[in-house]
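Below is one structure, written out as structure tokens; the observations come after it.
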Amino acid sequence: MPIHLESERKYLIKFPTSWSVLAELLDCVVDIKRISQSYLKAEDGEQAARVRKTVEGLSGDTDTVYHYNQKSPVETGVHKELEHEISEKKYNEYLKKANPSKQAVEKTRFVFEWHDQTFELDLFKGHLKGLAIMEIELDDIDDTVELPPFLKVVKEVTKDKRFTNFSLASREIDNIRDI
């Protein structure tokens, strides 16, 4: 199982509600994914792991993929990541080991290109409905990022641990949208 370094920056986005913002975004979209991820109970001495179900595409021509993922921090915005595809059967087996203090994180991910950069805009559902976070993976965490002007960035949250998916899955989460 390959381990690689993931360098990403995250931005809290004002949830897009205008048709003009959505139209501009959709002009740049290269992929849409519906994601459900669940955190597992940590094994002794291990980092928390998660399993993810991803439905790629909108309708008709969809594909469902399952992944196991384990991350450990290296520095702010940089993680050592172990990820591999798993079967639906293995995914369902892992769900039996879900962490009871966490709830599934449900989101629709819009992958889009802007000025030769690939962004992922996550619009959350369920207990996080109304939350929007944009991420970009970089070769180096200090690379220059040219943010798309049609999305209103509230603030960068790369260093704010409250905006990790692990924290967002907490059953005791405060109303994160009011930050």
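Values in this text are rule-based calculations from the coordinates and carry no lab data. All of these numbers come straight from a predicted model, not from anything done at the bench. Positions of Cβ are backbone-derived with ideal geometry, glycine not excepted, and every protein chain shown enters the neighbour counts.
Can you put 143, 61 in order of Cβ neighbours within 10 angstrom, beginning with the fewest?
61, 143
If you average the C-alpha positions of the stretch 80-134 and of the stretch 4-75 separately, how far apart do those two centres end up, in angstrom?
4 Å
The list (i) 16.2, 50; (ii) 18.3, 68; (iii) 17.7, 57 gives values of Rg and Dmax of the Cα atoms in Å, and only one came from this structure; which label was calculated from it?
Recomputing Rg and Dmax of the Cα atoms in Å here picks out (i).
Under the 0.36 nm per residue contour assumption, what length would be gained going from the current alpha-carbon distance of residue 80 and residue 159 to full extension?
26.8 nm
Can you show me the helix-derived [θ] at 222 nm for the chain, built from DSSP H runs with n ≥ 4 at -39,500 (n - 2.57) apiece and divided by the number of residues, rounded to the nearest 500.
Estimated from H runs of four or more residues: -3000 deg cm²/dmol.
Starting from the Cα gyration tensor of the stretch 24-78, take the square roots of the eigenvalues, sort them a ≥ b ≥ c, and report rounded, prolate or oblate (rounded when a/c is under 1.5, otherwise prolate if a/b is larger than b/c, else oblate).
Judged from the Cα gyration tensor, the stretch 24-78 comes out oblate (a/c at least 1.5, b/c at or above a/b).
Give me the angle, in degrees from 0 to 90, between the Cα long axis of helix 19-28 and the longest principal axis of the Cα atoms of the chain, rounded to the nearest 10.
Rounded to the nearest ten degrees, it is 70.
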